[in-house]
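The values are calculated or read from the model by the stated rules, or taken from the named source; none is laboratory data. Values in this document were obtained by computation on a predicted structure and should not be read as measured data. Positions of Cβ are generated from backbone atoms using ideal geometry, with glycine treated the same way; all protein chains shown enter the neighbour counts. In case anyone asks, the SASA skips ligands and DNA or RNA and just uses the protein heavy atoms, side chains included. Shrake-Rupley method; radii C 1.70, N 1.55, O 1.52, S 1.80 Å.
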Amino acid sequence: MSISAHNIMMCRLHVVHRQVHRCANRRTQLLPLSSFQLRGYGVVPTKQGSFTHSCRTTYISPSCTPSHNITNEKNTSHFFCKHFSTNINDTNSSPTDNESSMELLPDGIIRQSDFFGEAITFVKDVDGNSLSSIDHSSSIQSPNQSNQNNNNNKSQLKMPQSSESHDDISEAVSSFDGMSLCILSRGSANLHTGNDGDGPEAKAFHASAMAWGENLRYAQAWNCNNENNGSVKSMITTAPMLAVAAVAPVVAQGGSHYLRRIDRLLDTTRDSVTLPPPSLWSMAHDAVSFRDAVLSSPENSSNNSDLEPVHLLTPRERWHLHALHQLLQNNHHAAMGAYLRLLELFPGDLLGLSLALDVASALGDADSALRAATNVSTYWTERDGGSLRLSRSHPAQNLATSLIAVGMSSSASSSRGSTAERLAETAIARDSDGSGGTSVWALSHCLAAEGRSQEMVSKLAGFDGTQFYEACGYLHFHTKMRGYGGIAMLDSKRAGDDRSAIRLYDGGFGNVLEYSGNNVQGTERGGEDACLREMRVPRSTKGDMVDAVGSIFTGWFGGNSKSDSEGVDQVPMEPKKQKLPRRTIEDVLCWLPPSPLVLTHATALLLRLTLCDGIPESDDRWADLRTAWSLALKTDSDNAVENDTPVEFMPLAMLASSLVIDPNELHLNEVSQPLQCAMQGLHKMGKLMKLGHLKTVSASAASQHQPDTSSVEEWREVLQLLARARDSCERWEMPTGMSSSTYLLSNDGDTTTTSSSYPTIPPPRTPIGWDFDLRQFLEHAVCHAAMKVGDYESLCLARAICSEGTTLRSNCAELWWRYGLVLDMLGDEVAAENARAASVSLGSGEGGATPSF
């Protein structure tokens with residue numbers, strides 16, 4: 001049994017027996033609390049000899065089952081850190097022996113350990129006057145939620161105050177545990193099994209939706225401190241980490257506008273007659289308002305002014321909430337700094353590491369991803385039991401190893417890539433079920449950095465490789481891996497690989513655009529809201545099999561058969577319109593619209609297919625993708641002022657969407673000069689290729705008899721813009737010889753010359769994307785534009801780029817073939833033939849005319 005399977009089994013046992021554990025608490029001996037006592041809500045010294053009763057929870061498995069909070073008969077609680085928690089300095093001591101780590105908590109504030117031993121704070125019915133430094137400005141409502149509150153006032157819907165969700169904190173922790181495993185493994189290490197009636201992809205969506213929906217319901221019940229009129233309730237009930245698990249990964253990968261987009265879909269759900277639909281936006285703002293909350297004593301606040309403030313939440317929780325606060329404002333750079341600081345203080349926080357990698361991927365910041373991984377790598381190495389398992393290892397060791405491999409593979413350095421590949425292979429060998437998806441993510445970057453396209457195809461597009469990430473349906477992760485598999489096929493350049501890449505695109509990205517209505521046909525049917533309104537969770541094959549067996553054996557043993565009713569005149573009945581069941585939270589979370597990250601990877605694969613003549617430039621898929629980008633860029637009309645666009649937080653998304661969208665519509669704030677040059681170049685390239693424009697039959701027939709009217713000068717401008725974006729320094733352009741000055745970019749995007757001297761301090765360069773992701777746009781677009789221009793200087797630039805690629809990624813067959821084409825245009829026939837021979841030796845053209853299935 002794999003490590004992840006063992007952990008999931010133990011977590012399921014932990015969920016089932018939560019109630020049994022709580023009932024099995026036994027009263028222990030009196031514990032002296034000789035150091036502190038509570039006065040109001042402050043912690044002050046007291047005399048020796050004070051005693052109080054304490055309950056301690058019995059353990060089933062110290063490595064898997066978290067400890068419970070222990071509440072005594074008075075106004076204090078005792079919280080013991082778990083064995084593997086980062087709050088304990090000595091990892092060899094047991095929780096029962098480490099009395100120094102005991103924390104005294106006032107009445108109504110409870111801490112419990114999650115699956116990995118980290119503390120989670122629950123605040124239940126605490127007087128709001130006893131808390132200070134609460135950010136009420138963060139407790140704002142989304143536009144959809146404000147309309148929803150008006151409707152709720154009319155129907156007298158009320159949020160639960162003292163529901164069963166509040167009474168059973170253990171079940172809330174269990175939902176957090178399941179969601180944490182879903183986030184870390186991208187959906188593969190899930191406590192739920194989705195219905196398989198609509199295929200494995202829909203099954204992965206459904207499994208993640210069930211874990212997410214369960215966590216969302218508890219997060220909604222615990223984080224509801226705002227009244228319908230916008231005021232804050234007098235009695236505070238909150239559990240901020242439940243909201244972090246439900247919201248943070250979404251806003252890290254999709255931004256705040258994508259979060260509101262999901263909220264608009266959740267607004268149509270009705271799980272209960274008495275409960276309004278949840279709002280991720282309002283829930284998140286309610287949670288982050290407690291990020292700096294301080295416990296205070298109203299009557300003795302002046303006397304306790306010399307004491308340090310006692311914060312409501314633990315430092316780890318506060319760092320998570322500060323990062324989420326920045327993410328809600330699309331300030332991913334500040335959130336990245338918060339996560340790096342969190343990992344410095346709490347290296348065992350896997351949720352923080354996973355979110356840090358998501359933010360670094362959105363920013364395209366490979367250095368921050370590398371720093372996040374290496375800052376915690378030694379910590380997790382020390383907690384590895386070794387190959388012989390002579391010592392007890394951390395239950396999340398394999399998940400941590402795969403995430404560390406992702407961070408180390410973000411850069412194209414060969415030394416780091418080899419280390420990351422070794423870590424990823426180790427994680428897959430030990431636990432392919434839990435860490436398979438993130439390990440394949442790391443391996444894709446490692447193999448692509450060396451051009452090992454055949455191995456990459458085996459890991460991402462082969463049957464054995466797809467088993468590692470097939471169950472990773474959280475936020476369309478397996479769709480992203482399908483896109484990587486399609487790019488790997490195009491790099492291998494075997495016969496029929498272009499058709500296989502199209503199949504991967506249609507089965508992944510095309511399917512997402514189709515069911516969500518983010519294509520041309522979807523807009524004709526009413527758009528995203530109308531298409532997703534009819535989507536429900538997948539059906540189960542068990543019910544289908546029962547119906548099938550019943551239809552086969554109907555009438556064999558005395559039942560009514562078809563022959564019994566043949567002589568009876570059948571009266572035709574009008575078909576009744578089947579009414580769909582009421583839409584639930586799982587229905588929305590199962591069929592999510594495409595995020596900017598998903599559209600970015602879809603654009604990368606479709607561009608590669610177009611440049612290698614796998615699809616024509618007038619293919620309908622470009623029109624669908626253009627429609628999807630247009631829908632993703634739509635903002636809420638209720639918001640009077642927008643500080644940024646929905647894709648401005650992600651530079652690579654701005655770059656990808658510029659192929660079909662005007663760059664001026666992609667950002668409201670100033671962007672770096674390389675990104676501006678790249679967007680201008682790709683947008684002009686898209687206009688020359690007419691990407692996203694549907695052609696009629698008559699127009700396409702006429703274009704076959706007319707020569708290409710795009711001038712060489714326009715392609716030369718595209719080449720100059722893309723080349724300037726690719727260079728890490730000021731690029732020299734020489735239209736009049738060596739005496740020419742550098743080209744600078746004016747405000748309108750045109751290239752102009754200036755006689756001013758070079759700047760002494762170069763402008764800071766912000767990253768655009770990780771090496772493998774960015775290469776799909778810049779490198780291939782520059783070579784395509786250079787061959788369109790066809791002059792000597794342009795072809796020399798393409799030759800230099802191909803030479804760089806063949807040096808660093810010498811195993812890529814497509815790269816050698818492209819190098820041969822450039823050398824042919826330069827007139828070097830011998831070297832071109834050698835390059836083509838190298839490409840054939842690496843597998844180019846293999847497979848003959850056999851179709852790919």
Problem set entry | Residue that is most open to solvent (accessible area, probe 1.4 Å) [pool: residues in region 526-535 that are in a helix (DSSP H, G or I) and of a type in the set (D, E)] | D529
For this session: Answer yes if at least one residue in region 506-525 is crowded, with 24+ Cβ neighbours inside 10 Å and aromatic (F, W, Y), and no otherwise.
Result: yes
Problem set entry | Looking only at region 168-189, and only at residues there that are in a loop (DSSP other than H, G, I, E, B) and hydroxyl-bearing (S, T, Y), the one that is most open to solvent (accessible area, probe 1.4 Å) | S188
For this session: Of all residues in region 637-662, count the ones that are at pLDDT below 95 and not in a loop (DSSP other than H, G, I, E, B).
Result: 0
Problem set entry | Matching residues in region 650-681 - criterion: being open to solvent by 10 Å² or more (accessible area, probe 1.4 Å) and either touching a Cys at 6+ places or on another chain (Cβ under 7 Å) or of a type outside the set (A, V, I, L, M) (or both) | P651, D662, N664, E665, H667, N669, E670, S672, Q673, P674, Q676, Q680
Exercise. Since S700 meets every condition but one in (1) at pLDDT below 95; (2) closer than 22 Å to Q253 by Cβ, which condition does it not meet?
Worked result: (2)
Seminar exercise, completed: D828 meets each of (1) touching a residue at least 12 places away in the same chain (Cβ under 8 Å); (2) among the charged types (D, E, K, R); (3) open to solvent by 30 Å² or more (accessible area, probe 1.4 Å) with one exception, condition (1)
Exercise. Would a scan of region 249-268 turn up a residue that is open to solvent by less than 20 Å² (accessible area, probe 1.4 Å) and at pLDDT below 90?
Worked result: no
Seminar exercise, completed: Of the conditions (1) surrounded by 21 or more Cβ atoms within 10 Å (Cβ to Cβ); (2) within 16 Å of D824 (Cα to Cα), the single one that G790 does not satisfy is (1)
Problem set entry | Near pairs, Cβ below 7 angstrom, 6+ apart or cross-chain, from region 790-806 (closer than 14 Å to R818 by Cα) to any residue that is of a type in the set (G, A, S) | L795/A786; L797/A723; L797/A786; A798/A786
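Take R494 and decide whether it is open to solvent by 40 Å² or more (accessible area, probe 1.4 Å) and not in a helix (DSSP H, G or I).
When the stated conditions are applied, R494 passes them.
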Exercise. Is it fair to say A471 is assigned to a loop (DSSP other than H, G, I, E, B) and within 21 Å of L597 (Cα to Cα)?
Worked result: yes
For this session: Quick one: H601 ticks every box in (1) over 30 Å from V247 (Cβ atoms); (2) modelled with pLDDT of 95 or more except a single one, so which number is it?
Result: (1)
For this session: For region 195-214, state whether one or more residues are modelled with pLDDT under 90, open to solvent by less than 40 Å² (accessible area, probe 1.4 Å) and outside any helix (DSSP H, G or I).
Result: yes
Exercise. Could you count how many residues in region 469-493 are farther than 28 Å from W817 by Cβ and of a type in the set (K, R)?
Worked result: 0
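One line per residue, one yes/no per condition, for (1) under 25 Å from H332 (Cβ atoms); (2) at pLDDT 95 or above:
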| position | (1), (2) |
| --- | --- |
| L363 | yes, yes |
| D367 | yes, no |
| T378 | no, no |
| L390 | no, no |
| S402 | yes, yes |
| T419 | no, no |
| T426 | no, no |
| E450 | no, no |
Exercise. In region 458-483, which residues are open to solvent by 20 Å² or more (accessible area, probe 1.4 Å) and among the aromatic types (F, W, Y)?
Worked result: F463, F468
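Let's see how each residue does on (1) assigned to a helix (DSSP H, G or I); (2) touching a helix residue (DSSP H, G or I) at 6+ places or on another chain (Cβ under 6 Å); (3) among the aromatic types (F, W, Y); (4) open to solvent by 10 Å² or more (accessible area, probe 1.4 Å):
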residue: N330; (1), (2), (3), (4): no, yes, no, yes
residue: A335; (1), (2), (3), (4): yes, yes, no, no
residue: L355; (1), (2), (3), (4): yes, yes, no, no
residue: T374; (1), (2), (3), (4): yes, no, no, yes
residue: T378; (1), (2), (3), (4): yes, no, no, yes
Seminar exercise, completed: Of (1) under 21 Å from the mean Cα position of the chain (by Cα); (2) closer than 14 Å to L184 by Cα, D431 satisfies every one except (1)
Exercise. Taking T237 and the conditions (1) touching a Phe, Trp or Tyr at 6+ places or on another chain (Cβ under 9 Å); (2) under 25 Å from H332 (Cβ atoms); (3) of a type in the set (S, T, Y), which numbered condition does it fall short on, given that it satisfies the others?
Worked result: (2)
